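Presented below is the structure to which this report refers.
The values are calculated or read from the model by the stated rules, or taken from the named source; none is laboratory data. Owing to the predicted nature of the structure, the values given are computational and were not obtained by experimental measurement. Backbone-built Cβ (ideal geometry, glycine too); neighbour counts: all protein chains shown.
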There are 2 protein chains.
Amino acid sequence: MSRVTIQDVAKAARVSATTVSFAFNQPEQLSVATRTRVLSTARRLGYAPHPSARSLSTKRHGSIGLLTPQPLEVVFANPFVSELLQGIGAVCAQHDMTLLLVPPLNGSLESAVGRAPVDGVISLGLNAGDPALETLARFGLPWILIDAEAPSGVATVNVDDFGGAALAARHVLELGHRRIAVIGLGRTSPQRAQLGIGARRLAGYRGAIDAAGVPAPTVDPGGVTFAAGIQAFRNLWRARRKPTAVLAMSDMAALGLMAAARDAGVRIPEDLSVVGFDDLPMAAWAHPGLTTVRQPIAEKGRQAARLLIESLAGKAVHSPKPLRTELILRGSTGRQT
Amino acid sequence: MSRVTIQDVAKAARVSATTVSFAFNQPEQLSVATRTRVLSTARRLGYAPHPSARSLSTKRHGSIGLLTPQPLEVVFANPFVSELLQGIGAVCAQHDMTLLLVPPLNGSLESAVGRAPVDGVISLGLNAGDPALETLARFGLPWILIDAEAPSGVATVNVDDFGGAALAARHVLELGHRRIAVIGLGRTSPQRAQLGIGARRLAGYRGAIDAAGVPAPTVDPGGVTFAAGIQAFRNLWRARRKPTAVLAMSDMAALGLMAAARDAGVRIPEDLSVVGFDDLPMAAWAHPGLTTVRQPIAEKGRQAARLLIESLAGKAVHSPKPLRTELILRGSTGRQT
DNA sequence: TTGTATGCGTTATCAA
DNA sequence: TTGATAACGCATACAA
């Protein structure tokens, strides 16, 4: 019941193993007769090259790894990841690459990296200096970063977090809001991971608010989940001085906040304006629709995958220009009355 | 810049390669002195066993594959898959297994299977007789099915689709509805994939409706996306005889239908009752909340992963009893007036 | 056009 | 307690 090997095929087709290998990898080298004979017996026997043997020999795995800073059960709770995977997956398919998920192993990303049969890695939210990335460097694995502080020399795919956040802030400022709250990306999540984009977005919010001569926003730690948004609403509404507008760094938190607000009898946008960040599909499905900063999530995935594959081909790759963000106006924001 | 091998470590530690291997795999065999020396030099050199070499030798890969009937960009558009992955991922982590995504390669799942370095496979929505599954059998790879017609001898994880659908139908019947429409899982998606559960759910709906002496439901092909739900609403509302209750086989379609209904000025539940299937997180977030048949999606993933891993350990595994479904009452259903 | 010989990096067997 | 040696299955110079 053991796997059919190249030798089995060779024997059955009365040729050498080399010939069988040629039939698959360099068909032109073979006469049509033998080639067809070999291939047909291979098919008949159900032969496929053993992936490990193949990669041991070729020094290639034909797969890339997605390094996730948290366990899969946590990571996939965030729809953001699904969308990113759609982008990465599309490019992988184009290049006959498979995708290996690489979450921390016993809490350690480094050891997980060492055991992953991949030609390169896309890392989500890890910043330079992370031990896992140093491990990658030691193994000579090319890698691309998404949503990270760009260390020099490592290609990083980012969006214009600062500009996007500024768009959101200016929007509510123009609507007359003066008491503004910000909901962050969470403090429990890998701090370093969130540090980069969280800090950039916060700076964008603050810059615009400051430029308008409006009091600095209160900042709730928040998170990237619906539940975090609910909690954020509770925190904000417990305060003496309630905001009239909320700028959330994630759509999920914004949606959770909207739901909590509705349950508390707070009308949106009449009593409270809400702006999200991401433009997940469900932002448009909410009622009212969520005004949000769109970032091209799937495109981030595609770019990262493309860069990595180019890098595997030996090309020198550079960080692309931060992708554009865009304010999507829907019903969750309104004029301060 | 090439990878540090076991030989490098052996040389540096003045021992044989075997000893280095022992240090990692059978530490007890070694004297404390040599073990620590070897391990420390290994760490110093940044050594990690080459995954392919290791699996070639051990005949194990330490990973399982998730066979998806469609490209990743399609599959991950469905939140159902994210939740399933949370369950699978949790069990994988417990057993130090990594997860390889195995979508069709050039449209062919069979060839993708042959190239996947995995010890076993979880297949999503593929029914017995599928060529990809036969390929698995040829390679001697253990596999577990999710949401499939259970062929004899292959462990399959299913929920009680029939019973769940019956619950949904009886619910709207009790509310007095007599004009009922059903929204399916889509006809374009891999037909065979959807055939099993789609047919079972349809039978559940029909059985209950028939038992109540109520006219048979109209059936819209539907799908598993928000857009499919919108389309389904249009189809239904175009008809002369509009339903007062809709039974959707997926929450996504139900939510899309609800949104389309609202946009068309159709009130839910006053004008139209809607029941979904799945109980995705966002079913609770919708407004009104979506009454739906809950199925334990993550648990399906966990069970499948557990069964597969047991199977890898040589145990004989059997299809578990279909998991229970449960009707979750929310605001999207009301009495027929 | 096809075959021989060798290496890829590791683990397992057996001997010392 | 350690080491020598033989697989593991394939690809690829090189030879024929």
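Residues in segment B:151-160: is at least one more than 14 Å from every other protein chain (Cβ to nearest Cβ), under 22 Å from A:Ala90 (Cβ atoms) and of a type in the set (Gly, Ala, Ser)? No; the residues of segment B:151-160 include none that is more than 14 Å from every other protein chain (Cβ to nearest Cβ), under 22 Å from A:Ala90 (Cβ atoms) and of a type in the set (Gly, Ala, Ser). Of all residues in segment A:206-231, those that are more than 18 Å from A:Leu167 (Cα to Cα) have Cβ atoms under 6 Å from Cβ atoms of residues that are among the charged types (D, E, K, R) and surrounded by fewer than 16 Cβ atoms within 10 Å (Cβ to Cβ), 6 or more apart or on another chain, in A:Pro221/A:Arg187.
Got at least one residue in segment A:69-81 being closer than 30 Å to A:Gly301 by Cβ, more than 7 Å from chain B (Cβ to nearest Cβ), out of contact with any Gly (no Cβ under 8 Å at 6 or more places or on another chain) and polar (S, T, N, Q)? Yes - at least one qualifying residue is present in segment A:69-81. For segment A:276-323, the set of residues classified as closer than 20 Å to A:Tyr205 by Cα, more than 19 Å from the chain's Cα centre (by Cα) and aromatic (Phe, Trp, Tyr) is empty. Considering segment A:291-316 alone, what residues qualify as being part of a loop (DSSP other than H, G, I, E, B) and surrounded by fewer than 20 Cβ atoms within 10 Å (Cβ to Cβ)? Within segment A:291-316, A:Pro296, A:Ala313, A:Gly314, A:Lys315, A:Ala316 qualify.
Would you check if B:Ser40 is within 12 Å of DNA strand C (Cβ to nearest atom), over 31 Å from the mean Cα position of the chain (by Cα) and without any contact (Cβ under 8 Å) to a residue 24 or more places away in the chain? Judged against the criteria, B:Ser40 is not a match. Out of the residues in segment A:20-39 meeting the condition of being out of contact with any helix residue (DSSP H, G or I) (no Cβ under 7 Å at 6 or more places or on another chain) and in a helix (DSSP H, G or I), tell me which one is surrounded by the most Cβ atoms within 10 Å (Cβ to Cβ). My answer is A:Phe24. Checking each residue of segment A:268-283 against the condition of being within 14 Å of chain B (Cβ to nearest Cβ), in contact (Cβ under 8 Å) with a residue 60 or more places away in the chain and either of a type in the set (Asp, Glu) or part of a strand (DSSP E or B) (or both) gives no match.
Candidates B:Ala17, B:Ala42, B:Ala12: the one that is buried (at least 16 other Cβ atoms within 10 Å of the Cβ), over 22 Å from A:Val74 (Cβ atoms), within 16 Å of DNA strand D (Cβ to nearest atom) and away from chain A (no Cβ under 13 Å) is B:Ala12. When segment A:93-109 is limited to residues that are more than 7 Å from every other protein chain (Cβ to nearest Cβ) and buried (at least 23 other Cβ atoms within 10 Å of the Cβ), the one that is nearest to A:Arg138 (Cα to Cα) turns out to be A:Leu109.
No other residue among B:Ile88, B:Ile122 is under 22 Å from A:Ser2 (Cα atoms), touching a residue at least 24 places away in the same chain (Cβ under 8 Å), surrounded by 24 or more Cβ atoms within 10 Å (Cβ to Cβ) and within 16 Å of the chain's Cα centre (by Cα) apart from B:Ile122. Restricting attention to segment B:22-39, the residues that are under 20 Å from B:Val4 (Cα atoms) and within 11 Å of DNA strand D (Cβ to nearest atom) total 7. Of the residues contained in segment A:121-141, one or more are found to be within 30 Å of B:Ser108 (Cβ to Cβ) and away from every other protein chain (no Cβ under 14 Å). Scanning segment B:91-109 for residues that are farther than 15 Å from A:Asn106 by Cβ and in a loop (DSSP other than H, G, I, E, B) yields B:Pro103, B:Pro104, B:Asn106, B:Gly107. When you look at A:Ser52, is it surrounded by 23 or more Cβ atoms within 10 Å (Cβ to Cβ), within 16 Å of DNA strand D (Cβ to nearest atom) and at pLDDT 95 or above, yes or no? Taking the combined requirement at face value, the residue satisfies it. Residues of segment A:248-263 that are more than 14 Å from every other protein chain (Cβ to nearest Cβ) and among the aliphatic types (A, V, I, L, M): A:Ala248, A:Met249.
Restricted to segment A:1-18, and to residues there that are in a helix (DSSP H, G or I) and out of contact with any helix residue (DSSP H, G or I) (no Cβ under 7 Å at 6 or more places or on another chain), the residue that is farthest from DNA strand C (Cβ to nearest atom) is A:Lys11. Quick check on A:Ala112: is it in contact with a strand residue (DSSP E or B) (Cβ under 6 Å, 6 or more places away or on another chain), within 8 Å of chain B (Cβ to nearest Cβ) and either charged (D, E, K, R) or part of a helix (DSSP H, G or I) (or both)? It is true that A:Ala112 is in contact with a strand residue (DSSP E or B) (Cβ under 6 Å, 6 or more places away or on another chain), within 8 Å of chain B (Cβ to nearest Cβ) and either charged (D, E, K, R) or part of a helix (DSSP H, G or I) (or both).
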